[in-house]
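Engineer: Take this structure first; my questions come after.
What follows draws every value from the coordinates through simple rules; no lab data is involved. Given the structure is predicted, the values throughout are model-derived calculations rather than measurements. Here Cβ is always computed from backbone atoms with ideal geometry, including for glycine, and neighbour counts include all displayed protein chains.
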């Protein structure tokens, strides 16, 4: 088949397109590598006037401390809180405190009509009398044996009986102490004074605030099983911060923390006292326990707060402003680096921990390289035109 020559007008159009393409190539804002044909981004070349629109930064290593912000839940300090369990059985006759009351150690919380209390008092009275009599006999027999008035066996039996009676008296006293009987009542029993039998008193084992009350008059308690009150010292609270993934390894005991309650007030300060060793199977997180002073009562149990934990450990790496980082069509991060010929080249980077308005670059940059920190979007606009 014989091709017909193009008309004159067609030949002129083809020549014009060739010249136009050559002109665009020579004036392009990109500088391809010599002898290389690529479809990827090319270096951007700016005029002196355009360079005034950007700012550069020489990449240098810097020291930094990591900071982690996470959610947390407030709890009582378990070293300063306790649940009060009924020490004896019987019906409650009076409840002497209310929720929110501050109590001192040993303060009466409730009265219980308890046969356990009556039995313990009777056992102690009997042990006192028995021990007193046995001690008197033992002292008398020691005197008689010293003057050869009784045999050695008789003296030994008297001494053994006194020791046994003293042991029973001590055991009976421990029984009263286990029922939280106060020293004044015990002193009255020793003095032989009459008591209101059956009226056992539930007392506060520690000083603090009554944060839970689960009994009422008329309720029957079971010794050792019935919860009555929860007392907590709320002047210091625990904030349980949730750590996920790589953040677990970045938090250590002694790190400082700022707790934001969300009420617009100044954050509370605390210290990490413990980092859990077990991952919660439900949340896949580890709890970091932060101790926070709570003298003003801002923290309440079960309150949701935000914890910002600042690491004490010092790290060193390459940090660049967040404004220098752009993302391509695949959402991968990159920066513009000054090339040897003065143009600006895209460079893929790996992002590490963010430190305020800066970000750590573990891979992709070298010390001394200059990057564009202000004007990256301008370069991207020129490159994509």
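Engineer: If we count other beta carbons within 10 Å of each Cβ, what is the order of 300, 193, fewest first? Could the numbers behind the result be given before it?
Structural biologist: Values: 300 13, 193 9.
The fewest-first ordering by Cβ neighbours comes to 193, 300.
Engineer: Helix 8-26 versus the longest principal axis of the chain: what is the Cα-based angle in degrees, 0 to 90, to the nearest 10?
Structural biologist: That works out to roughly 40 degrees.
Engineer: Give the relative contact order (percent, whole number) for the chain; include only Cα pairs under 8 Å separated by 6+ residues.
Structural biologist: Computed over the chain, the figure is 26 percent.
Engineer: Taking the 0 to 90 degree range and rounding to the nearest ten, how far is the long axis of helix 152-178 tilted relative to the main principal axis of the chain, both from C-alpha atoms?
Structural biologist: For 152-178 against the chain, the angle is about 50 degrees.
Engineer: Pairing the Cα long axis of helix 115-146 with the longest principal axis of the chain, what angle in degrees results, from 0 to 90 and rounded to the nearest 10?
Structural biologist: In the chain, helix 115-146 runs at an angle near 60 degrees to the longest axis.
Engineer: Could you work out the pair-distance distribution P(r) of the chain from its alpha-carbon pairs, with 20 angstrom bin width and percents rounded to whole numbers?
Structural biologist: Once binned at 20 Å, the Cα pair distances of the chain give 18, 26, 22, 16, 11, 6, 2, 0.
Engineer: Given an 8 Å cut-off on Cα distances and at least 6 residues of separation, report the relative contact order of the stretch 116-194 as a percent.
Structural biologist: Relative contact order here is 43 percent.
Engineer: What translational diffusion coefficient, in µm²/s and rounded to a whole number, does the Stokes-Einstein relation yield for the stretch 93-189 at 37 °C and a viscosity of 0.692 mPa s, taking the hydrodynamic radius as the Kirkwood radius over Cα pairs?
Structural biologist: On the way: Rh = 16.1 Å.
Using the Kirkwood radius from Cα pairs, D works out to 204 µm²/s.
Engineer: 222 nm [θ] for the chain, helices only, -39500 (n - 2.57) per DSSP H run of 4+, per residue, to 500? It would help to have the intermediate numbers written out before the result.
Structural biologist: Details: 6 runs with 98 residues, N = 385.
Calculated mean residue ellipticity at 222 nm is -8500 deg cm²/dmol.
Engineer: In what sequence do 252, 78 fall when counting other Cβ within 10 Å, fewest first? Mind showing how you got there, number by number?
Structural biologist: Numbers: 252 13, 78 10.
Final ranking by Cβ density, sparse to dense: 78, 252.
Engineer: Ranking 209, 47 by Cβ neighbours within 10 Å, fewest first, what do you get?
Structural biologist: Values: 209 18, 47 8.
Least crowded to most crowded, the residues run 47, 209.
Engineer: With viscosity set to 1.306 mPa s and temperature to 10 °C, compute the Stokes-Einstein D of the stretch 188-311, Rh being the Kirkwood radius across alpha carbon pairs; µm²/s, no decimals. Don't skip to the answer; put the middle values down first.
Structural biologist: On the way: Rh = 18.0 Å.
Calculated translational D: 88 µm²/s.
Engineer: Could you state the principal axis extents of the C-alpha atoms in the stretch 267-385, from the largest down, to the nearest angstrom?
Structural biologist: Cα spread of the stretch 267-385 along its principal axes, largest to smallest: 62, 29, 26 Å.
Engineer: Hull surface divided by four, with the convex hull built on the Cα atoms of the stretch 269-312: how many nm²? Walk me through the numbers before you get to the answer.
Structural biologist: Working: hull surface 16.1 nm².
In nm², the orientation-averaged hull projection of the stretch 269-312 is 4.0.
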